[in-house]
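Trainee: Quick one: the structure is below, questions incoming.
We did not get these values from a lab; they are worked out from the coordinates using the rules stated. Keep in mind that what you see is a predicted model, and the values were worked out from it rather than measured. Neighbour counts are summed over all protein chains in view; Cβ atoms, including those assigned to glycine, are modelled from backbone coordinates with ideal geometry.
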Amino acid sequence: MKKKGERSKGKTRIRGIGITKDTLTSRGGLNLFVRYLENIGIMAVILRMFGGIRRSGKGASIEELFKQVLCNFVDGTSRHLVQYDKVQEDKGYALAIESKPEALVSSHSIKRFFKGFSVVRIWLFRKLLQRLFIWRLSITKPDLIELYIDTMVMDNDEAEVRYGVEPTYKKVEGFQPLQITWGRYVVDAVFRGGSKHSNHKDTVEKMIRHIVEKIRTKYREDIPIIIKMDSGFFDQKVFKECEELGIGYVVSGKLYDDIKEYVKVMDGTEWKQYHNKEQKWDYVELMDKRGNWTKTRRAIYCRPWYENSQILFEFARPDTILYTNLGMGETIDKLLANVGRYDMVKSEKVIECAHGRGRDELVHRALVDFGHEELPFKRFIPNMAYYYTMVLAFFLFESFKEDVCSALIPVTAYATTVRRKIIDIAAKIVKKSGKLILKVTLATWNSLKFNVLWEKSGSPPKFVEA
């Protein structure tokens with residue numbers, strides 16, 4: 001006698017396999033990203049800036065190459081270039097990114113593409129990133145801009161010998177680009193070998209000068225700007241550059257012995273307390289002038305408290321000292337007052353600003369989650385071009401999240417989450433009345449509000465070249 005439900009179970013069991021001629025894709029969400037790229041107008045800008053790379057009329061166009069590379073980064077299935085060979089046979093993938101199946105390029109074409117870049121042409125990526133930054137500023141219209149400067153170690157320890165892969169401070173061999181970030185965006189970068197320390201030569205001063213000039217000429221001349229840095233940038237040259245430009249800085253200093261001895265003998269009544277939801281700090285203000293400095297600067301010495309008491313021994317206590325020009329009567333103070341943000345000069349706000357660097361560093365983790373650390377080429381210049389293309393793709397991906405997907409997923413979500421929920425969806429592509437139609441399941445349509453995503457990807461904020 002058959003048990004209850006046994007009969008119905010037999011009817012749902014798959015007993016064979018076959019081949020369908022339907023055009024299917026598992027990356028239906030990529031079409032939303034391609035649609036977004038087209039409608040913000042970025043591809044026309046890329047063609048103007050990088051069109052000269054193509055030396056022959058044969059093969060894929062620059063727009064097509066860039067589109068496929070950007071989609072490959074957003075897809076994120078594999079960091080290996082042979083992935084292009086795999087998708088080359090996938091008609092569904094081609095139609096999902098709105099390319100002809102025969103237009104999909106091979107890994108050899110991608111290698112030739114990146115090897116075709118010259119150093120001069122590669123630097124155009126920095127200009128493009130800065131223009132995209134101004135575009136986002138024009139959308140959000142902030143009254144205060146906080147930037148963060150730091151290096152990002154790219155671990156290439158297990159890769160074959162590559163030019164520029166050198167020992168880094170993290171005790172791995174790799175590259176160490178210097179990056180300026182704003183919130184979730186990388187807005188400028190200098191690709192460098194792994195041995196280049198944070199404040200190598202005058203790169204930092206030049207980066208600061210260029211980004212400040214771009215903001216003031218293309219966004220707002222009177223906008224207050226504050227730059228946050230760690231102790232790797234503790235240098236009077238950097239401070240002077242910021243002071244001359246009229247911008248603020250909050251920098252972690254170095255705990256020299258004379259400073260430690262000085263705060264030890266300070267009267268207890270001079271210490272104040274700052275706290276947030278997780279922790280408390282004792283802090284005291286002082287004016288400090290290092291040996292070769294030309295002026296005295298404001299410093300804030302911080303000592304953390306833990307549950308009910310200071311439980312760390314002296315040798316293990318993570319005391320910190322912060323240096324800033326906020327509240328020193330410089331131009332930045334007037335700019336902050338003009339926009340109603342003069343509270344930023346208060347000691348508690350300076351400490352809060354410095355501790356916010358932990359959130360700022362998350363953009364580096366997000367970039368690695370989106371792309372990858374190990375670069376594919378043996379020569380430095382192709383790897384340089386590959387890195388900047390990855391950063392460009394990351395910027396556009398973050399913009400896509402905010403402009404199209406923010407109602408469904410948090411803008412802080414990592415790429416892995418976005419791919420699982422938005423990009424990696426099954427779809428069928430059919431031709432009807434001479435038009436290609438992308439079809440998804442009813443469950444996907446309802447859960448993602450796919451019609452809303454479609455509308456938003458078709459009407460995003462236009463990228464106007466700055």
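Trainee: Just the number, please: percent antiparallel of the DSSP beta bridges in region 121-368, rounded to the nearest 5.
Mentor: Expressed as a percentage, antiparallel bridges in region 121-368 total about 80.
Trainee: So which chymotrypsin sites (Phe, Trp or Tyr not before Pro) in region 226-309 are both in a DSSP loop and have at most 16 other Cβ atoms within 10 Å of their Cβ? Please list the in-between numbers first.
Mentor: Numbers: sites: F233, F234, F239, Y249, Y256, Y262, W271, Y274, W281, Y283, W293, Y301, W305, Y306; in loops: F234, Y256, W271, W293, Y306.
Sites meeting the loop and neighbour criteria: Y256, W271, W293, Y306.
Trainee: Can you give the relative contact order of the chain as a percent, counting alpha carbon pairs under 8 Å and 6+ residues apart? Show your work: numbers first, answer last.
Mentor: Details: 662 pairs, mean separation 103.8, N = 466.
For the chain, the relative contact order is 22 percent.
Trainee: Let me ask another. When the helices in the chain are scored as -39500 (n - 2.57) per DSSP H run of 4 or longer and the sum is shared across all residues, what 222 nm value do you end up with, to the nearest 500 deg cm²/dmol?
Mentor: Using -39500 (n - 2.57) per qualifying helix, the result is -11500 deg cm²/dmol.
Trainee: A further question on this structure: What whole number of Å gives the distance from the Cα centroid of region 421-442 to the Cα centroid of region 200-253?
Mentor: 48
Trainee: Sticking with this one: Apply the Karplus curve 6.51 cos²θ - 1.76 cosθ + 1.60, θ = phi - 60°, to the phi angles in region 239-245 and return the couplings in whole Hz, x for Gly and Pro.
Mentor: 4, 5, 4, 5, 5, 5, 7
Trainee: To test your reading of the geometry: what angle, between 0 and 90 degrees and rounded to tens, separates the Cα axis of helix 380-400 from the longest principal axis of the chain?
Mentor: Helix 380-400 sits at roughly 80 degrees to that axis.
Trainee: Full-extension gain between A44 and K201, please, as 0.36 nm times their residue separation minus the C-alpha to C-alpha distance. Working shown, then result.
Mentor: Working: separation 157, 0.36 × 157 = 56.52 nm, distance 3.59 nm.
This chain segment gains 52.9 nm when fully extended.
Trainee: Lysines within cross-link reach of K462: Cα-Cα under 17 Å, excluding same-chain residues under 8 positions apart?
Mentor: Excluding near neighbours in sequence, the set is K141, K218, K401.
Trainee: What ranking do 14-22, 193-201, 156-164 get when scored by the average of other Cβ atoms within 10 Å per residue, highest first? Mind dumping the intermediate values first?
Mentor: Values: 14-22: 5.4, 193-201: 17.2, 156-164: 14.6.
Put in order of decreasing packing, that is 193-201, 156-164, 14-22.
Trainee: Let me ask something else. So how tilted is helix 30-40 from the main axis of the chain? Cα-based, degrees 0 to 90, rounded to 10.
Mentor: Tilt of helix 30-40: around 60 degrees.
Trainee: Calculate how steeply helix 203-218 sits against the longest principal axis of the alpha-carbon atoms of the chain, using the helix alpha-carbon long axis, and give the answer as 0 to 90 degrees to the nearest 10.
Mentor: Here the helix axis deviates by roughly 70 degrees.
Trainee: Moving to a separate point now. Rank the residues T331, T151, T269 as a footprinting-exposure proxy: fewest other Cβ atoms within 10 Å of their Cβ go first.
Mentor: Listing T331, T151, T269 from fewest to most nearby Cβ atoms yields T269, T331, T151.
Trainee: Which of the aspartates and glutamates could a cross-linker bridge to K91, judged by Cα under 13 Å and excluding same-chain residues fewer than eight apart?
Mentor: D22, E102
Trainee: Treat region 71-157 as a sphere of radius equal to its Kirkwood radius over Cα pairs and apply Stokes-Einstein at 4 °C in a medium of 1.567 mPa s; give the translational diffusion coefficient in µm²/s, rounded to a whole number.
Mentor: Working: Rh = 16.6 Å.
Reported coefficient: 78 µm²/s.
Trainee: Which of the peptides 391-397, 294-300, 427-433, 62-68 is most tightly packed, and how do the rest follow, going by the mean number of other Cβ atoms within 10 Å of each residue?
Mentor: Going by the mean number of other Cβ atoms within 10 Å, highest first, we get 391-397, 62-68, 294-300, 427-433.
Trainee: Out of residues 5 or more away from R192 or on other chains, whose amide H comes under 5 Å of its own, with H placed 1.01 Å from N in the peptide plane?
Mentor: Q176, L178
Trainee: Something else now. Would you work out the relative contact order for region 315-466, in percent, from Cα pairs under 8 angstrom that are 6 or more residues apart?
Mentor: Once divided by the residue count of region 315-466, the mean separation gives 14 percent.
Trainee: Give me the percent of DSSP beta bridges within the chain that run antiparallel, rounded to the nearest 5.
Mentor: Of those bridges, close to 85 percent are antiparallel.
Trainee: If you don't mind, another one. Remind me, relative contact order of region 121-368 in percent, using alpha carbon pairs under 8 angstrom and six or more residues apart?
Mentor: Values: 380 pairs, mean separation 41.5, N = 248.
Relative CO of region 121-368 lands at 17 percent.
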